[in-house]
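These notes are about the structure you will find just below.
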Amino acid sequence: MQLSVQQQCKPILALASILASIAENCQSMNHLKQIHAHSLLTDLHNHSVILGKMLRFAAVSPSGDLPYAQRLFDQMPQPNTFFYNTIIRGYAKSSSPSYCVNLFNQMRQNHVDPDEFTFNFLIKARSRVHKVHNFPSTLECDEIHGAVFKYGFCSHLFVQNALINLYAVKGSPAAAWRVFNETVGVDVVSWSGLVLAHVRGGELELARQVFDDMPEKDVVSWTAMVSGYSKANCSREALELFWEMSDAGIRPDEVTIVSVISACTNLGDVETGMNVHSYINENGFGWMVSLCNALINMYAKCGCVDRAWRVFNNMKRKSLITWNSMISACANHGYAEDAFELFSCMLNSGIAPDGITFLALLIAYTHKGLVDEGYRLFQIMERDYGIEASIEHYGCIVDMLGRAGRLEEAYELIVTMPIPSNDIVWGALLAACRIYGDVNMGERVVKKLLELKPDEGGYYILLRDIYVASGRTAEANHIRQAMQESGAMKNPGYSWVGA
């Protein structure tokens, strides 16, 4: 007896329903690959529901795999708006948000109409690309805004809010206000975008006015103000606002607390920092690596290295920043052996060092007076680890050689540097000339410094001190007169290494 078409389709539809349900509850990429393989074996790999669920997991899930999602997408004969939106959303959250524009252009070329979600993801992608030249010039901020208007999605609140946030991230308060004023039914997200726009535009007072005028505040608006105050070195205001936020019952997020710890660091206020640390532990934030890293840095800069160690030792997960922060803490406080031991443990943990790691180690060698060892480390940094030396690394070596009295070597290093020198590197050598009373070298260095910064009076003063120490009073008086005639002013600073 021959089966009807409906009867023949029933098992296939049942299997498709089962596969779709399994894909909906997928937990890992291994599981997804098994589902994908089964769909290929059963000729269901083009089933739109199954494909959609597989693509969403691979593209959007934290356990997904964006390149795998791209392969799934590329195999689709005619992807629709939903599939384009899913892959665009995945790239918008990835380390390559600029690729969203390629997908959007491809979408238009294939005559697939975008919807409000397409623009929402596209705008979010643009807001994550900080340097304009990294984003294809075919879609700058104003052009995205124009496309939203052209396709008729200006009435969608979440699209308008995304535009406000885009202009906020760009630091364009006027443009953000323009969208805000055109938006019907603004909400707390709209207002928060305005606060952020003024903060990013360096207009803290205006940001605070908008913040105070908000009919309702959320964690984003509070965080924008706290972070803005902290970055502008208005640390007291940042702390006061944070405690107001706590009293208002608003639970802070990771960004808020990092900003608060930074404010404590800037003030050197270890007591408040300890209170914030207690708040972190009491509210279940202690697992966050970024907060622990900020605490290590705060305790180290406030001179509480033992507390920094406690935070470090209690961390279950450690990032490169964690190791660098602790190595720097030890190096800056003269615990060179601890810094070297940490570096060894870091390598054994499979963490690759970077330029900051080596800078901290060079500081440790400087404090220990191990010049030859430090110089060898400097040489192997690029040779063995492929890390190109920056001006800070050269400055540290100059400081190291200068403190050891090896002034000619320091001078030769500066003049043979493969990158341009600056006044701070030469200033470090001039400070060493004063320590050792080397008048001839001091004169050579000052000549270089005055070419770089003729208005810096500190260089005149250092050279004058060298003349005085050498008993050359006439030259010292001449330097004082030259400084007065040039109108040079003294500014602080010379060394990368603390005394």
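Summary of computed values
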| read-out | value |
| --- | --- |
| Square roots of 5 times each gyration tensor eigenvalue, C-alpha, region 416-474, largest first, Å | 21, 12, 8 |
| Cα gyration tensor category, rounded, prolate or oblate, for region 176-308 with a/c compared to 1.5 | prolate |
| More than 15 angstrom apart: percent of Cα pairs within region 234-299 | 44 |
| With all protein chains modelled, accessible area of Ser344 [1.4 Å, Å²] | 60 |
| Residues of the chain: accessible area per residue with a 1.4 Å probe, Å² | 50 |
| Computed P(r) (all Cα pairs; region 196-270; 5 Å bins; percent) | 3, 18, 31, 27, 16, 4, 1, 0 |
| C-alpha center-to-center spacing [region 175-226, region 385-427] in angstrom | 46 |
| Solution diffusion estimate, µm²/s, Stokes-Einstein, region 323-390, Kirkwood Rh from C-alpha pairs, 20 °C, viscosity 1.002 mPa s | 183 |
| Pairs beyond 26 Å (Cα-Cα), from Lys124/Lys217; Lys53/Lys124; Lys93/Lys301; Lys93/Lys318; Lys124/Lys231 | Lys93/Lys301 |
| Cα-Cα P(r), region 273-419, percent of pairs per 10 Å interval | 11, 39, 29, 15, 5, 1 |
| Descending principal axes extents, region 185-232, alpha-carbon based, whole Å | 32, 17, 15 |
| Cross-link reach list, aspartates and glutamates versus Lys447, counting only Cα pairs under 14 Å and skipping chain neighbours closer than eight places | Asp423, Asp455, Glu456 |
| Protection proxy ranking, peptides 314-322, 295-303, average beta carbon neighbours within 10 Å, highest first | 295-303, 314-322 |
| Region 61-114: equivalent-ellipsoid semi-axes (sqrt of 5 x gyration tensor eigenvalues, Cα, Å) | 18, 13, 9 |
| Residue-averaged 222 nm ellipticity for the chain, from DSSP H runs of 4+ at -39500 (n - 2.57), nearest 500 | -22500 deg cm²/dmol |
| Rg/Rg_ref, the chain, where Rg_ref = 2.2 N^0.38 Å and atoms are Cα | 1.28 |
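The values are calculated or read from the model by the stated rules, or taken from the named source; none is laboratory data. None of the values given here were measured: they were computed from a predicted structure. With ideal geometry, Cβ positions are generated from the backbone for all residues, glycine too; neighbour counts draw on all protein chains shown. Just so you know, the surface numbers come from the protein's heavy atoms only, side chains and all, with ligands and any DNA or RNA stripped out. Shrake-Rupley method; radii C 1.70, N 1.55, O 1.52, S 1.80 Å.
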